[in-house]
Structures are given as structure tokens and as C-alpha cells.
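Below: the structure, in C-alpha cells.
The values are calculated or read from the model by the stated rules, or taken from the named source; none is laboratory data. Because the structure is predicted, anything quoted here is derived from the model rather than measured. Every residue, glycine as well, gets a Cβ built from its backbone with ideal geometry; the counts of neighbours run over all protein chains shown. Calculation scope for accessible area: heavy atoms of the full protein, side chains included, ligands and nucleic acids excluded. Shrake-Rupley method; radii C 1.70, N 1.55, O 1.52, S 1.80 Å.
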Amino acid sequence: MRADDRHERRAVWSVRLLVLVVALVVPISLGLSYLAAGWYRMDQTCSTEAAVPEGGVPETVSYAWTWEPLGFTCTWAGAVGGDDVSRTKLWW
């Protein structure tokens with residue numbers, strides 16, 4: 001095997017590795033950015049008095065990510081022994 005062939009193979013593998021790394025890093029970065037921004041917006045929105053649905057206690061809000069239904073969920077304890085009240089949205 002000639003030195004030129006080895007150099008060419010290394011260059012091809014380097015390009016493939018770079019493409020693979022970029023193909024993995026970009027979607028992961030975008031997903032984490034979406035989750036961070038969404039969580040921040042959910043926290044800011046759900047903690048306001050105006051966001052509390054009827055029957056919910058404002059001071060009891062908790063936050064979560066849910067897959068079913070898909071999105072960020074804000075949950076408030078029900079007033080005076082009532083059931084918990086929640087809202088789920090993909091973006092607040």
C-alpha cells in the first residue's frame with residue numbers, strides 16, 4: 001500500500017467522522033436548547049397569578065415534562081381538597 005493511498009483513506013475517514021459528529025451534535029444541541037428555553041418560559045408563565053386555572057391554588061405550582069400528552073406541564077393543587085389542575089403545552 002502506498003503512502004498516498006493511506007493518506008487518502010485517512011482523509012476520507014476524517015471527513016466521515018466530522019460529518020457524524022456534526023450530525024449528532026447539532027440535533028442534540030437544538031433539543032437541549034429547546035428544553036432549556038421552554039422550561040424557562042414555562043416557569044415564568046406558570047408562576048403568574050393569571051396562569052392559574054379555575055380551581056387551582058397559585059402557590060402550589062409544579063413543573064414537569066411529559067410524553068403523553070407531549071409538552072411541558074404545569075400542575076396546581078386543587079383548592080380545598082379538589083383534584084389537581086394541570087395544563088400541558090409544547091411552548092408557553
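For first residues located in the range 21-50 and open to solvent by less than 70 Å² (accessible area, probe 1.4 Å), partners that are assigned to a helix (DSSP H, G or I) and lie 6+ apart or on another chain with Cβ distances below 8 Å form the pairs Thr45/Ala51.
Pairs meeting the criteria (first residue in the range 79-90 and open to solvent by 100 Å² or more (accessible area, probe 1.4 Å), second residue assigned to a loop (DSSP other than H, G, I, E, B), beta carbons under 7 Å, at least 6 apart or on different chains) are Asp84/Ala77. Against the numbered list (1) farther than 13 Å from Leu90 by Cα; (2) open to solvent by less than 40 Å² (accessible area, probe 1.4 Å); (3) of a type in the set (Phe, Trp, Tyr), Trp13 comes up short only at (2). Across the range 51-78, the number of residues qualifying as within 21 Å of Tyr34 (Cα to Cα), among the polar types (S, T, N, Q) and open to solvent by 50 Å² or more (accessible area, probe 1.4 Å) comes to 1.
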